[in-house]
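Chemist: Quick one: the structure is below, and I'll ask about it shortly.
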Amino acid sequence: TQLLEQSPQFLSIQEGENLTVYCNSSSVFSSLQWYRQEPGEGPVLLVTVVTGGEVKKLKRLTFQFGDARKDSSLHITAAQPGDTGLYLCAGAADSGAGSYQLTFGKGTKLSVIP
Amino acid sequence: EAGVAQSPRYKIIEKRQSVAFWCNPISGHATLYWYQQILGQGPKLLIQFQNNGVVDDSQLPKDRFSAERLKGVDSTLKIQPAKLEDSAVYLCASSFTGFRTNEKLFFGSGTQLSVL
């Protein structure tokens, strides 16, 4: 079973601050996805990173995939209250039947205080 | 485009009772997933269907959980009998093929189950 460790588990910051969330594993993944989940809703995909060392930017969010494809980070610049939510990383690996399976981390619960 | 539909949104039952959840994926999506999300944790895959066949059910507690996707479209997940530790949100997701590493999963809003 492939495990993904996310840190920190909880994060409460003031509006305008920067933050970084980490996602680490001892396993290699074919790709890594970041989702955001709001209360009462399902996760929504933010980004997928595929290549080791890849960096993707989505407005104030910067995602990086580690060179060895075992870890990833999410950096938010100038956080806003609308960024509040549960951030989940998920690693994709071949399930052995030709299809891919996602393994999720436990998530980082972010609260941005106005 | 219609999203993944799930029902009911909430369900409260007593332990040892049975319960069923329904999911209708996005039209044309071949792969359907059922995830269990316990409070404070990330989603855990219970079962993955490719059309009407099971790809992976290794984490499904088969003594009490069952799932089917008879016509390769909508799906039903059943728990019988329910235990207290089954209290969780049950999420259904679908993807276009399931055969690409960077494929996006579309999630429904989930069914929140409380077992008393």
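Chemist: With A:LEU88, A:LEU102 as the choices, which residue is within 28 Å of B:GLN112 (Cβ to Cβ) and either exposed (fewer than 13 other Cβ atoms within 10 Å of the Cβ) or touching a Ser or Thr at 6+ places or on another chain (Cβ under 9 Å) (or both)?
Modeler: Working: A:LEU102 fails: either exposed (fewer than 13 other Cβ atoms within 10 Å of the Cβ) or touching a Ser or Thr at 6+ places or on another chain (Cβ under 9 Å) (or both).
On inspection, the qualifying residue turns out to be A:LEU88.
Chemist: Okay, next question. Report, by residue number, each residue of region A:25-41 that is touching a strand residue (DSSP E or B) at 6+ places or on another chain (Cβ under 6 Å) and closer than 14 Å to A:TYR87 by Cβ.
Modeler: Within region A:25-41, A:LEU32, A:GLN33, A:TRP34, A:TYR35, A:ARG36, A:GLN37, A:GLU38 qualify.
Chemist: Between A:SER26, A:SER30, which is surrounded by fewer than 14 Cβ atoms within 10 Å (Cβ to Cβ) and touching a residue at least 24 places away in the same chain (Cβ under 8 Å)?
Modeler: Working: A:SER30 fails: surrounded by fewer than 14 Cβ atoms within 10 Å (Cβ to Cβ).
When all the criteria are applied, what remains is A:SER26.
Chemist: Return the residues of region A:30-47 that are facing another protein chain (nearest Cβ under 9 Å), out of contact with any Phe, Trp or Tyr (no Cβ under 7 Å at 6 or more places or on another chain) and under 20 Å from B:CYS92 (Cα atoms); say none if nothing qualifies.
Modeler: Passing the criteria: A:GLN33, A:TYR35, A:GLN37, A:GLY40, A:GLU41.
Chemist: Quick check on region A:72-114: of everything there that is in a strand (DSSP E or B), modelled with pLDDT under 95 and farther than 21 Å from B:ILE38 by Cβ, which residue is nearest to the chain's Cα centre (by Cα)?
Modeler: The qualifying residue nearest to the chain's Cα centre (by Cα) is A:ALA92.
Chemist: Is it the case that B:LEU60 is crowded, with 17+ Cβ neighbours inside 10 Å and assigned to a strand (DSSP E or B)? Don't jump to the end; show me each part of the working.
Modeler: Numbers: crowded, with 17+ Cβ neighbours inside 10 Å: yes; assigned to a strand (DSSP E or B): no.
Judged against the criteria, B:LEU60 is not a match.
The values are calculated or read from the model by the stated rules, or taken from the named source; none is laboratory data. It should be emphasised that the depicted structure is a prediction, and the values quoted were computed from it without experimental measurement. Reconstructed Cβ throughout: ideal geometry from the backbone, glycine too, with neighbour counts over all protein chains shown.
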